[in-house]
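Student: I have a structure I would like to understand better, so I am pasting it below and will then ask my questions one at a time.
The values are calculated or read from the model by the stated rules, or taken from the named source; none is laboratory data. In this text the structure is predicted, and so the values were computed from the model without any measurement. We place every Cβ from the backbone using ideal geometry, glycine too, and count neighbours over all the protein chains shown.
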Amino acid sequence: MFDSQFLHKTKQKYMKKKITFLSIMFVASLAFGQAKVEKQTTQAEEFSATSGTLIEKQFIDIGKVKGISVQILKLKDLNSGVSKSALRFEYDYKSSYTSDTKIATLDLDEIDGLLKSLNNLKTKVFNSTRDVYTEITFRSRTGFEAGAYYDVDKSKWVAYVKLEKFDSKSQVFFSTDDLNSMQVLVEQAKAKM
């Protein structure tokens, strides 16, 4: 009788330890076992990273809005003569502790979508109101965003551009006039590509 109670209690302790261990392992696998999400790249970035090439990069300044430089990135493989162009945004983030350069690149095939979205924000969205918090966003394949959200408390739209998908420090808030200026710069860049 004494041996069976001792055996039963020992078995219970063993099971508790086993369940605790398995629970900890399960939580750890959830926290650390998530696959890393690879950053998508533009066609221009892939072209630039191709092995066996000799790439010339030209950065042509178009203009600047709220600290964001709009540029044309021209790439040329000097070995084959093949060229590509892309739209490039650059923003120097500065705080009291750090500084960093944020960069976004859009391929030629994404520029029309950005321009159409900026135009729709200007003509259809900014002159409307919402009863609830609302976000409207254009997103490129690499995570560049341009859009606006409706601030219900202030009854107005707040425009923004976010250069890097997972980096809030790459986000710059715009007035509607700033967004109009951005649209003009993007149109000028497209015309020169």
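Student: Got a sec? Which of Ser175, Ser83, Ser170 is of a type in the set (Ser, Thr, Tyr), under 18 Å from the mean Cα position of the chain (by Cα), surrounded by 11 or more Cβ atoms within 10 Å (Cβ to Cβ) and in the same structural domain as Ser48 (by TED's automatic domain parsing)?
Tutor: Ser170
Student: A further question follows. Return the pairs, sorted by first residue and then second, in which the second residue is of a type outside the set (Lys, Arg) and surrounded by fewer than 14 Cβ atoms within 10 Å (Cβ to Cβ), the first residue lies in region 114-132 and is in contact (Cβ under 8 Å) with a residue 24 or more places away in the chain and farther than 13 Å from Trp157 by Cα, the beta carbons are less than 9 Å apart, and the residues are 6+ apart or on different chains.
Tutor: Ser117/Thr137
Student: Listed residues Phe89, Phe47; which is aromatic (Phe, Trp, Tyr) and in contact with a Lys or Arg (Cβ under 6 Å, 6 or more places away or on another chain)?
Tutor: When all the criteria are applied, what remains is Phe47.
Student: Restricted to region 113-152, and to residues that are among the β-branched types (Val, Ile, Thr) and over 16 Å from Lys162 (Cα atoms), which residue is surrounded by the fewest Cβ atoms within 10 Å (Cβ to Cβ)?
Tutor: That would be Val132.
Student: From the set of residues in region 86-120 that are among the basic types (Lys, Arg) and under 16 Å from the mean Cα position of the chain (by Cα), which is nearest to Leu54 (Cα to Cα)? Steps first, please.
Tutor: Pass one, region 86-120, residues among the basic types (Lys, Arg): 88, 94, 102, 116.
Okay, now just the ones that are also under 16 Å from the mean Cα position of the chain (by Cα), so 88, 102.
Details: Arg88: 21, Lys102: 25 Å.
Restricting to residues being among the basic types (Lys, Arg) and under 16 Å from the mean Cα position of the chain (by Cα), the top hit is Arg88.
Student: Just checking, how many residues over region 68-92 are more than 20 Å from Lys190 (Cα to Cα) and outside any strand (DSSP E or B)?
Tutor: Going through region 68-92 one residue at a time, the tally reaches 4.
Student: Here's something else I'd like to know. Given the structure, is Asp61 touching a helix residue (DSSP H, G or I) at 6+ places or on another chain (Cβ under 8 Å) and either within 19 Å of Val161 (Cβ to Cβ) or in contact (Cβ under 8 Å) with a residue 12 or more places away in the chain (or both)?
Tutor: Details: touching a helix residue (DSSP H, G or I) at 6+ places or on another chain (Cβ under 8 Å): no; either within 19 Å of Val161 (Cβ to Cβ) or in contact (Cβ under 8 Å) with a residue 12 or more places away in the chain (or both): yes.
So Asp61 does not fit the description; no.
Student: Which of the residues belonging to region 86-112 are out of contact with any strand residue (DSSP E or B) (no Cβ under 7 Å at 6 or more places or on another chain) and either surrounded by fewer than 16 Cβ atoms within 10 Å (Cβ to Cβ) or of a type in the set (Phe, Trp, Tyr) (or both)? Show your work before the answer.
Tutor: If we filter region 86-112 for residues that are out of contact with any strand residue (DSSP E or B) (no Cβ under 7 Å at 6 or more places or on another chain), which is where we start, we get 94-98, 109-110, 112.
Listed by number, the residues that qualify are Lys94, Ser95, Ser96, Tyr97, Thr98, Asp109, Asp112.
Student: Further question: Taking the criterion of being modelled with pLDDT under 95 and part of a loop (DSSP other than H, G, I, E, B), would at least one residue in region 98-115 satisfy it?
Tutor: yes
Student: Identify all residues within region 138-175 that are among the β-branched types (Val, Ile, Thr) and out of contact with any strand residue (DSSP E or B) (no Cβ under 6 Å at 6 or more places or on another chain); write none if there are none.
Tutor: Of the residues in region 138-175, the ones among the β-branched types (Val, Ile, Thr) are 142, 152, 158, 161, 172.
Across region 138-175, the qualifying residues are Thr142, Val152.
Student: Within region 140-164, take every residue that is under 20 Å from Asp112 (Cα atoms) and among the basic types (Lys, Arg) and give me the one that is farthest from the chain's Cα centre (by Cα).
Tutor: My answer is Arg141.
Student: Now for a separate question. Filter region 146-180 down to residues that are acidic (Asp, Glu) and free of Cβ contacts under 8 Å to residues at least 24 places away in the same chain and give me whichever is nearest to Glu45 (Cα to Cα).
Tutor: Per the stated criteria, the residue is Asp177.
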